[in-house]
Amino acid sequence: MNKRIMFWARECPHCKAMMPYVDKLEKETGIKLEKLEIWHNEKNADLMRSYKPIIAPKCGGQLRTPTFFNTETNDVICGEVEYEILKEWALK
Amino acid sequence: MKKFWRCFVCNDIHYGVRPPEICPTCLVKNAYVEISSTEARKISGMTKVDFDKKKFLEAVERFAEKNEFQVNPDTEKVKMLLDGIFNNEQNHGFKFCPCRLITKDFAEDLKLVCPCNFLIHETYKDKEDGECWCGLFVRRKKHE
């Protein structure tokens, strides 16, 4: 199943900055992101780690937050980006 | 491989590939002798140092002072990051970066302990407005 995940962290300012864009995106497109917090939820952390071979090469070799990840297309965005870039990722 | 070394004059402990030529504490030359990790742990354990957020912030500010970067002037952002750093220490053992995730490979994860070596990261290197990934450190503006 095609899932769009946002891996985020509770005390990550970049994640906080992206949240209004995520809200806007969900309202505008009807696409829902699965928002998974990774520092206070070990299950979510393990899931993110399981995608490391796909995510890390696109994020400076590391697991960084926020990471927007499409489980079907393997499209990845990390960090703060403009709304249009996020939307483009979501619509792929 | 890194080893432990002890100054035979003042018991300064050094952890590294080779000992300092001059002891930074008592300034005696060629004063270091190799010791076991047990001995090093016992000696360093004699001094108890606790770091709260205020003390950590003061430490990183002093660290940044002589470098080309500074602690982010955005205090709200810094407060959020300090919360994350200290929560990570409490829950995961080290002051890990709040904006990255540990891999569970210890050597790899030590690279995420704050402050990390962000000077080599693409978010900082060769960038006029460079910052570490989480944004705790930002390049100091030239006119400041």
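The values are calculated or read from the model by the stated rules, or taken from the named source; none is laboratory data. Just so we're clear, the structure is a prediction, and the values are computed from it rather than from any experiment. FYI the Cβ positions are ideal-geometry reconstructions off the backbone, even for glycines, and counts take in every protein chain you see. With ligands, DNA and RNA removed, areas are computed over all heavy atoms of the protein, side chains included. Shrake-Rupley method; radii C 1.70, N 1.55, O 1.52, S 1.80 Å.
For peptide A:4-12, the mean count of partner chain Cβ atoms within 10 Å of a residue's Cβ comes to 4. Across peptide A:27-40, the average count of Cβ atoms from other chains found within 10 Å of a residue's Cβ is 1.
Computed per residue of chain A from DSSP H runs no shorter than four, each worth -39500 (n - 2.57), the mean residue ellipticity at 222 nm is -12500 deg cm²/dmol.
Against the criterion of solvent-accessible heavy-atom surface with a 1.4 angstrom probe, A:Arg10, A:Arg49 sort, most first, into A:Arg10, A:Arg49. The alpha-carbon of A:Lys27 sits under 22 angstrom from the alpha-carbons of these lysines, leaving out residues fewer than 8 places away in its chain: A:Lys3, A:Lys16, A:Lys35, A:Lys87, A:Lys92.
Under the simplified labelling scheme, the B:Leu27-A:Asp23 pair shows an inter-label distance of 6.0 nm, with each label point 7 Å from Cα along Cα→Cβ.
Taking each residue as 0.36 nm, the span from B:Lys53 to B:Lys104 lengthens on full extension beyond its C-alpha to C-alpha distance by 15.8 nm. Estimated at the nearest 10 Å², the accessible area of B:Val71 is 20 Å² with a 1.4 Å probe. Counting, for every residue in B:92-104, the Cβ atoms of other protein chains within 10 Å of its Cβ and taking the mean gives 6. Straight-distance candidates among the lysines for linking to B:Lys2, with alpha-carbon spacing under 23 Å and chain neighbours fewer than 8 residues away dropped: B:Lys29, B:Lys42, B:Lys95, B:Lys104, B:Lys111. Post the alpha-carbon centroid distance, the stretch B:1-51 to the stretch B:67-92, in whole angstrom. Going from one Cα centre to the other spans 29 Å.
Around the Cα centre of chain B, unit charges on the Cβ atoms of Lys, Arg, Asp and Glu (plus for the first two, minus for the last two) sum to a dipole of about 380 debye.
Note on B:Met80: accessible area is roughly 40 Å² with a 1.4 Å probe, heavy atoms of protein only. Cross-link partners among aspartates and glutamates for B:Lys55, C-alpha distance below 17 Å, same-chain residues fewer than 8 apart left out? In chain and number order, the partners are B:Glu65, B:Asp83, B:Glu89.
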